[in-house]
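Written below as structure tokens is the structure these notes are about.
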Amino acid sequence: MVGGGVMGAAIAFHLAEAGVRGIVVVERGTLGGGSSGKPIGGVRAQFSDPLNIELGHRSLRAFRDFPRRPGAAIGLDTVGYLFLLSDPGQVADFEAGVRTQNGLGVPSRMIGPAEARALCPYIRTEGLSAAAYSPADGHARPALVVQGYARAAARAGVVFATHTTVTGMATTGDRVTAVHTDRGRVSCATVVCAAGAWSARIGSLAGVELPVRPLKRQLAFTVPLVPAAPRIPFTIDFASSAYFHNSDDGLLLGLADPRQAEGFDTTWTPEWLDLFRTALRHRSPAVARMETAGGWAGLYEVTPDHNALIGRSAAVPNFLYATGFSGHGFLQAPAVGEIVRDLHLGRRPYVDIAPLSADRFRTGYESRPEAHVV
């Protein structure tokens, strides 16, 4: 296994739980040291694509069950997700999404501006057409999820080789036989790439094309709020992509900068706050004015259609991959852990993941871009 973030930890846990032995997870830094180590991650099943809905819905059940299996507290707070919609086209798209979600068991619904404000008193309703809300969504602590999976996997015999960098792969015929690292050679019968934004490089070492690009995303935190912030949903102004939600004794603030260049830079730039404040000034002026106390930057692992890459390489059949989640990796990790386990064991996964094959971009495929992307 290459990658010790939430995806690698989840896959390792599910494999070990199923009785697979001899698992080695190679991580160039610390477990969860990449994007998975960030303070709060949203968990939701509000997507437009049925496959993403199913991955999110199944993972939500696993997050609720996490204290029992694998056995760890993860700071799950089921406050819901609230998408604020100001454009009739957005409303129509989300109405269609809610119908699909409801058909798959997700309790989402469309609501009016007044109910949206009752859920989140920070928002202004002027110009707000409607909102989409699901009370089953929320947020949790990614670092605690990584640790919970990793501890349970380690108890089952998984070896975590941290501070270990993959430098190459040895192949015989159409199979990878060993992974070379800066600390030695690891013989293998199967390789799983869960390397996030670095997956394209790892795939290339085995001759597998994984179209994943790194894209910086930034967040900020307010100072402690007095009086304390009310308990609010994960609130997203969909037109601007600006969002905010509770975080300890303040709020976490986020925004996707459409001008952000691709690359591995994770330097947090305070100037980014000007973009956030401008974007949210109309919809939530009180939040836009809040004093902040620093922030951080992490990487999205983006694919051309903002959908994940999950599957087995056709060219290198003992090379499996789970990457390219375009910001949705944390919330889909439990379900994907099960899927990769089943792929390795030759079982049929609970859901058809053929549409997520990495080969789809060069063989021709029916476009199914995810619309509910933040």
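The values are calculated or read from the model by the stated rules, or taken from the named source; none is laboratory data. From a predicted model like this one, the values you see are computed outputs, not experimental measurements. Neighbour counts are summed over all protein chains in view; Cβ atoms, including those assigned to glycine, are modelled from backbone coordinates with ideal geometry. For accessibility, only protein heavy atoms count, side chains too; no ligands or nucleic acids. Shrake-Rupley method; radii C 1.70, N 1.55, O 1.52, S 1.80 Å.
Hey, with R₀ at 25 Å, roughly what FRET efficiency would ILE111 and ARG68 work out to, going by the Cβ-Cβ distance, to 0.05? Calculated transfer efficiency: 0.15.
Accessible area per residue of the stretch 77-116 at 1.4 Å probe, in Å²?
Ligands and nucleic acids excluded, the figure is 41 Å² per residue.
Note on ARG362 and GLU17: the model spin-label points, each 7 Å out from Cα along the C-beta direction, lie 3.5 nm apart. For the stretch 296-371, the solvent-accessible area works out to 36 Å² per residue, with a probe of 1.4 Å and every protein chain left in place. A simple spin-label model places the labels of GLN260 and THR78 3.0 nm from each other, with each point 7 Å out along Cα-to-Cβ.
Gain on full extension, evaluated as 0.36 nm per residue between LEU104 and SER187 minus their Cα-Cα distance, stands at 25.7 nm. Structure remark: mean-square fluctuation, Gaussian network model of the chain, C-alpha springs under 10 Å; the largest value among GLY329, GLY33, GLY337 belongs to GLY33.
Roughly to the nearest percent, how much of the accessible area of the chain is carbon and sulfur, given a 1.4 Å probe?
52 percent
In a reduced charge model with +1 at each Lys and Arg Cβ and -1 at each Asp and Glu Cβ, the chain shows a dipole moment near 880 debye about its Cα centre.
For the pair ASP352 and ARG289, what calculated FRET efficiency results from E = 1/(1 + (r/R0)^6), where r is the Cβ-Cβ distance and R0 = 41 Å, to the nearest 0.05?
So the FRET efficiency works out to roughly 0.30.
Dipole size of the stretch 87-219 about its Cα centre, with +1 on Lys/Arg Cβ and -1 on Asp/Glu Cβ: approximately 600 debye, rounded to the nearest 20.
Per-residue ellipticity at 222 nm for the chain, helices alone: DSSP H runs ≥ 4 residues times -39500 (n - 2.57), over residue total, nearest 500 deg cm²/dmol? Mind showing how you got there, number by number?
On the way: 10 runs with 105 residues, N = 374.
One gets -8500 deg cm²/dmol as the mean residue ellipticity at 222 nm.
Extension gain for HIS282 to ASP342 (0.36 nm times residue separation, less C-alpha to C-alpha distance): 16.8 nm.
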